[in-house]
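*Asks:* What follows is a single structure, and I will ask about it in a moment.
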Amino acid sequence: MVMLATGFALLVGMPFLIISEKPLPMLTDNTLNPYPEPKDIAASYIQKASENYFYREFSQASENYHKAIAIYEERKDIHRVATTYNSLADLYVWASEPEEAEKNYLLAAQYHSQNSDLLGQADSIKELADLHMKNENFQKAEKRYSESLGLLKDGDANRVLGSVHEGMGHMYWKANQIPKAIDSFTHAQETYAALHYNLGVEHMTSVLNRLKRVPDTQHNHALREVPAPDDYATH
């Protein structure tokens, strides 16, 4: 009986004990990046620019990228100058400022060239070609894709080469030049196969099956209507 009474008293008193306890302090952090600010000043500007980029604060991001570039130029760190210009170009793509994006992709390519980085140079030019392709400036896009391929023609298979061929395939597809699209996607497929990049091979296989009208094939990223073979553009 005594135990029952004791238990009842604890049960009744428990809510008051809970209420009387002080609430645990909540930790708040209003910054996007949980990591501490880098000690290197240029890296700190890059981190700030990335956070501005995330919040679509494009002017602040641009300002921080330029501050980082100035420091890298003073250090003669050409590689980081080039990659930061490329990031700046990506920023302008998102900001819907294609002329600024083009200017900065070309600056990135220029600095990659100074650093004898053919892969970096080709990648920046490929990004510019992608921009023209998405804006359906097919003549400009083809010129830049061809320029990128020219830089890579004597090298081994690499990820940039595969993405250039893939980009060209999408360009020709959008321009309704299906035979050329098939040829470019086939080159991309072969490049990815040489790199043992199975996901890329499967992606290209699905796109090619759709373009060639192989029955019962469909690709989630390629749902554009494909004209009948008699309607294929030959130019």
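The values are calculated or read from the model by the stated rules, or taken from the named source; none is laboratory data. Given the structure is predicted, the values throughout are model-derived calculations rather than measurements. As a convention, Cβ positions derive from the backbone with ideal geometry for all residues, glycine included, and neighbour counts pool all protein chains shown.
*Asks:* Can you find even one residue in segment 97-113 that is without any contact (Cβ under 8 Å) to a residue 60 or more places away in the chain and touching a Lys or Arg at 6+ places or on another chain (Cβ under 8 Å)?
*Replies:* Within segment 97-113 (the criterion being without any contact (Cβ under 8 Å) to a residue 60 or more places away in the chain and touching a Lys or Arg at 6+ places or on another chain (Cβ under 8 Å)), the answer is no, since none of the residues qualifies.
*Asks:* Moving on to the next point. Tell me, which residue of segment 51-66 that is in a helix (DSSP H, G or I) and in contact (Cβ under 8 Å) with a residue 24 or more places away in the chain is nearest to the chain's Cα centre (by Cα)?
*Replies:* Step one: filter segment 51-66 for residues in a helix (DSSP H, G or I), giving 51-54, 58-66.
Pick out the ones that are also in contact (Cβ under 8 Å) with a residue 24 or more places away in the chain and you get 53, 58, 61-62, 65.
Details: TYR53: 13, PHE58: 17, ALA61: 17, SER62: 18, TYR65: 17 Å.
That would be TYR53.
*Asks:* Out of all the residues in segment 33-50, which are closer than 28 Å to SER96 by Cβ, assigned to a helix (DSSP H, G or I) and in contact with a helix residue (DSSP H, G or I) (Cβ under 7 Å, 6 or more places away or on another chain)?
*Replies:* ALA42, TYR45, ILE46, LYS48, ALA49
*Asks:* Working only within segment 65-82, note down all residues that are touching a helix residue (DSSP H, G or I) at 6+ places or on another chain (Cβ under 6 Å) and farther than 19 Å from TYR105 by Cβ.
*Replies:* Once the filter is applied, which keeps residues that are touching a helix residue (DSSP H, G or I) at 6+ places or on another chain (Cβ under 6 Å) and farther than 19 Å from TYR105 by Cβ, segment 65-82 yields LYS67, ILE71.
*Asks:* Still on this structure, please answer the following. From the list SER146, SER124, SER184, pick out the single residue that is hydroxyl-bearing (Ser, Thr, Tyr), free of Cβ contacts under 8 Å to residues at least 60 places away in the same chain and either in contact with a Pro (Cβ under 9 Å, 6 or more places away or on another chain) or surrounded by fewer than 21 Cβ atoms within 10 Å (Cβ to Cβ) (or both). So that I can check it myself, show each step before the final result.
*Replies:* Details: SER124 fails: either in contact with a Pro (Cβ under 9 Å, 6 or more places away or on another chain) or surrounded by fewer than 21 Cβ atoms within 10 Å (Cβ to Cβ) (or both); SER184 fails: either in contact with a Pro (Cβ under 9 Å, 6 or more places away or on another chain) or surrounded by fewer than 21 Cβ atoms within 10 Å (Cβ to Cβ) (or both).
Sole residue among the options that is hydroxyl-bearing (Ser, Thr, Tyr), free of Cβ contacts under 8 Å to residues at least 60 places away in the same chain and either in contact with a Pro (Cβ under 9 Å, 6 or more places away or on another chain) or surrounded by fewer than 21 Cβ atoms within 10 Å (Cβ to Cβ) (or both): SER146.
*Asks:* Kindly list, by first and then second residue, each pair from a residue in segment 78-95 that is in the same structural domain as ILE46 (by TED's automatic domain parsing) and over 16 Å from ASP130 (Cα atoms) to a residue that is of a type in the set (Asp, Glu) and modelled with pLDDT of 95 or more, limited to pairs with Cβ atoms under 9 Å and residues at least 6 apart or on different chains.
*Replies:* Taking only residues 6 or more apart or on different chains, the pairs are ILE78/ASP117; HIS79/ASP117; VAL81/GLU73; ALA82/ASP117.
*Asks:* What number of residues within segment 135-156 are farther than 21 Å from GLU99 by Cα and either in the same structural domain as ALA101 (by TED's automatic domain parsing) or not in a helix (DSSP H, G or I) (or both)?
*Replies:* Within segment 135-156, the first condition is being farther than 21 Å from GLU99 by Cα, and the residues that meet it are 149-156.
Retained after the next criterion (residues that are either in the same structural domain as ALA101 (by TED's automatic domain parsing) or not in a helix (DSSP H, G or I) (or both)): 153-156.
So the answer is 4.
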